[in-house]
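J.: Before I ask anything, here is the structure I am working with.
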Amino acid sequence: MSILVYADHDGSTVTPATRSAIACAQVIGEPIDLLVTGHDCGPVADSAAGIPGVNRVFLADAEHLGQQLAENVAPLLENLARDYSCVLAAATPAAKNILPRVAARLGVQQISEIVRVVSPDTFVRPIYAGNALATVQSSDPIKVITVRATAFDAVAADGGNASVEPLDAGQDAGLARYLGSELHASEGPELASARVVVSGGRGVGSADNFSLIEGLAKALGGAVGASRAAVDAGYVPNDFQVGQTGKVVAPELYVAVGISGAIQHLAGMKESKVIVAINKDPEAPIFQVADYGLEADLFTAVDEFRDALAP
Amino acid sequence: MKIVVPVKRVIDAYVKVRVKSDGSGVDTENVKMALNPFDEIALEAAMRLKESGQASEVVAVTAGPEAAQQQLRTALAMGADRALHIDTPADIQPLAVARLLVAICDREQPDLVLMGKQAIDDDANQVGQMLAALQGWAQGTFISALEPGEGEVLVTREVDSGHERLALPLPAVVTVDLRLNEPRYPKLPDIMKAKKKPIEGLTPEELAVDISTGLSVLKVEEPPARVGGARVNSVAELVEKLQQEAKVI
């Protein structure tokens, strides 16, 4: 059961989500090879070679691969895939964009966002925003799979000794043209992989008040998240959104502040290990999933919470 | 510019889904059904392009059972010019839908396929990308802004920690995210008018598409319930519990 993993990376190292995908791949079989694509991304391949359990790292390095355009990356995976029984990636925005192209070209039905491996051809995946779990079986000769990273503990970043092999980077497909990016700078850990997440909802009241959430997140060493209501109200940008239509997180500690707990929000955080809810509405549905619910005015409670953590 | 908008009939987003006791799936009998919310946004975007004179025709298409024609009527009430209904089971897989849409693109020759990024039932997030790949077209997925250019469309994609802007030569496939627009509610005169608009019936056989795929659903079950509901009375008690009991801070 040879497996090819598409490596999502930040330009210097592969993301923790990819290391979770490798952990998932190890449950399915071996050997596990990695494909790193990008421009000037040799250091990514070198660091990836240190991930335990990785057999070979293929490196496709060219200018037209710099932005991970699906039209340029998918053909590389498609060509390599014919030598594997499984192509797998963490369900990051890049992989979600690329892998269905690979599956379609291979004529196989992709299996999206699996959370459990039952056997090498049978997997569990959430449907209806996690309100149901489907067990699916694939008879396709090549399984194309995306993995929900929060469902698998990432393998270590180093300790392994894989070889790095250069790969023909192919041609620019000449289709999509990259114009630019606007990225939001954030100080703390990345939301999707943070150990602690503090999220604010509509109850926070304004964009200015969100500094309270940021202060508590900082004190806990965590990332800032938000409910869709807070995003729609314009308090924070959309990439802070946790939920069905945003990011799915499963930190050790999730603190929901002023969040009522709509089913769409719960879909994005209910796998968290410990959930704390702070809300002044005793009937808020968030309390039903919270391990520790505090019915209180969030402004005083968050201040007090942060002060209690100060050394 | 001619636009095709693929849509799907799904359980209404505000209905709590119930898993059938025999594990065969989710109960859709006597449950309120609706147009997939992402598809509504795609339709709204298509209608705005038509109303501003940038699109000539908007064609809605669905693959599903006969009842899915209700959702095509909604699409027509929102302003689509006509609709195509491909008669299939409700649970066909994304690859089969993409293959059907290839046949539709051959017939309709659209400049742009505008669709939801995913359906809120199976959450697969595949059809748009698969269609683009099978057609050899450019794709813009998870978009929050769309602007027609000269022989291309300019899109803003939602990616990790921000936005990315792409120019896509036409024809192209664009899949929309929630923040692109607020879809309109069809007004009564539009709903009446929609009843007179044509829905053409098609079958996979007529389109010469095999809708079988290599994936089968063995069972569907409820996720394990989370046991919550415990309360604390003060911040001090909360901090103590997090330190002593949960040991997470």
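Coordinate-derived values only; no laboratory data. If you're wondering where the values come from, they're calculated on a predicted model, not measured in any experiment. Using ideal geometry, Cβ is built from the backbone for each residue, glycine included, and neighbour counts are taken over all protein chains shown.
J.: How many residues are crowded, with 22+ Cβ neighbours inside 10 Å and of a type in the set (Ser, Thr, Tyr) if we restrict to region A:81-108?
T.: Number of matching residues: 1.
J.: For A:Gly53, all conditions in the list (1) at positive phi; (2) within 13 Å of another protein chain (Cβ to nearest Cβ) hold save one; what is the number of the exception?
T.: Among (1) at positive phi; (2) within 13 Å of another protein chain (Cβ to nearest Cβ), the lone unmet condition for A:Gly53 is (2).
J.: Another question about this same structure. Counting just the residues of region B:200-210 that are in contact (Cβ under 8 Å) with a residue 24 or more places away in the chain and surrounded by fewer than 17 Cβ atoms within 10 Å (Cβ to Cβ), which one comes out nearest to A:Ala310 (Cα to Cα)?
T.: Going through the qualifying residues, I end up with B:Asp210.
J.: If a residue must be more than 12 Å from chain B (Cβ to nearest Cβ) and surrounded by 19 or more Cβ atoms within 10 Å (Cβ to Cβ), how many such residues does region A:170-205 contain?
T.: Here the count works out to 6.
J.: Would you mind finding the one in A:Tyr235, A:Tyr178 that is of a type in the set (Phe, Trp, Tyr), part of a loop (DSSP other than H, G, I, E, B) and in contact with a Gly (Cβ under 9 Å, 6 or more places away or on another chain)?
T.: A:Tyr235
J.: For B:Ala208, only one of the following conditions fails: (1) more than 7 Å from every other protein chain (Cβ to nearest Cβ); (2) assigned to a helix (DSSP H, G or I). What is its number?
T.: Evaluating B:Ala208 over (1) more than 7 Å from every other protein chain (Cβ to nearest Cβ); (2) assigned to a helix (DSSP H, G or I) leaves (2) as the failure.
J.: Can you pull out every residue in region A:281-298 that is touching a helix residue (DSSP H, G or I) at 6+ places or on another chain (Cβ under 7 Å) and in contact (Cβ under 8 Å) with a residue 24 or more places away in the chain?
T.: A:Val289, A:Leu298
J.: Assess whether A:Gly159 counts as being more than 22 Å from A:Met269 (Cα to Cα) and within 11 Å of chain B (Cβ to nearest Cβ).
T.: Here the answer is no, as A:Gly159 does not meet what is asked.
J.: Out of region B:22-43, which residues are on the phi < 0 side of the Ramachandran plot and more than 13 Å from chain A (Cβ to nearest Cβ)?
T.: Across region B:22-43, the qualifying residues are B:Asp22, B:Glu29, B:Lys32, B:Met33, B:Ala34, B:Leu35, B:Asp39, B:Glu40, B:Ala42, B:Leu43.
J.: Now for a separate question. Just checking, which of B:Arg226, B:Arg179, B:Arg231 is of a type in the set (Lys, Arg) and within 16 Å of B:Ala46 (Cα to Cα)?
T.: It is B:Arg179.
J.: Quick check on my filter: what residues within region B:211-249 are in contact (Cβ under 8 Å) with a residue 24 or more places away in the chain and at the interface with chain A (Cβ under 8 Å from one of its Cβ atoms)?
T.: Result: B:Thr213, B:Leu215, B:Val217, B:Lys219, B:Val220, B:Glu221, B:Glu222.
J.: Moving to a separate point now. As an exercise: evaluate B:Gly116 against (1) in contact with a Lys or Arg (Cβ under 9 Å, 6 or more places away or on another chain); (2) free of Cβ contacts under 8 Å to residues at least 60 places away in the same chain; (3) not aromatic (Phe, Trp, Tyr) and give the number of the one condition it does not meet.
T.: (2)
J.: Determine whether A:Gly258 is without any contact (Cβ under 8 Å) to a residue 60 or more places away in the chain and at positive phi.
T.: So A:Gly258 fits the description; yes.
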